[in-house]
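The values are calculated or read from the model by the stated rules, or taken from the named source; none is laboratory data. As the structure is a prediction and not an experimental result, all values here were calculated from the model. Note: ideal-geometry Cβ built from the backbone for every residue, glycine included; neighbour counts use all protein chains shown.
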Amino acid sequence: MLQKESKKLVVLWTSGDREIALKMVYPYTYNSIKMNWWEEVTFIIWGSSTKLLSEDTELQAYIARMKEIGIRLETCKFCADSYGVSDILDKLGIEVKYMGEPLTEYLQNDYKVITF
């Protein structure tokens, strides 16, 4: 008997490149739930993307739309703290936490993980 493929996706966004976010990362992540490509989507903001998101209102508006359709939003506390943006990201409704262990759990369990 064949095992059913995982329908859980983790998108790990680490790039501080705004164009990549707007032209690829955000649309794919958003449409992954909207178009039912995946049953569950987690969006992790890590590295220089934390700083970019804290400063960019267009990206922040997109994040709000992601949250509205049920995408889980998480960010790396170490990175956010190092850029001084933890409070900003928390106010956007993003769970701010140390991500090493959660990412490891995603990788070791039934999640597909892609990185940008």
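Could you count how many residues in the range 1-18 are of a type in the set (D, E) and farther than 24 Å from E58 by Cα?
Result for the range 1-18: 1.
Looking at the range 1-18, which of its residues are of a type in the set (F, W, Y) and either surrounded by fewer than 17 Cβ atoms within 10 Å (Cβ to Cβ) or without any contact (Cβ under 8 Å) to a residue 24 or more places away in the chain (or both)?
Once the filter is applied, which keeps residues that are of a type in the set (F, W, Y) and either surrounded by fewer than 17 Cβ atoms within 10 Å (Cβ to Cβ) or without any contact (Cβ under 8 Å) to a residue 24 or more places away in the chain (or both), the range 1-18 yields nothing.
Within the set of pairs 6+ apart or on separate chains, which have a first residue in the range 89-116 that is farther than 20 Å from A21 by Cα, a second that is part of a helix (DSSP H, G or I) and at pLDDT 95 or above, and C-beta atoms under 7 Å apart?
K97/K77; Y98/K77; Y98/F78
Do you know which of the residues in the range 19-44 that are of a type in the set (D, E, K, R) and more than 18 Å from E58 (Cα to Cα) is surrounded by the fewest Cβ atoms within 10 Å (Cβ to Cβ)?
Residue satisfying both the conditions and the ranking: E39.
Under the condition of being over 19 Å from Q108 (Cβ atoms) and among the aliphatic types (A, V, I, L, M), which residue from the range 5-45 is nearest to the chain's Cα centre (by Cα)?
I45
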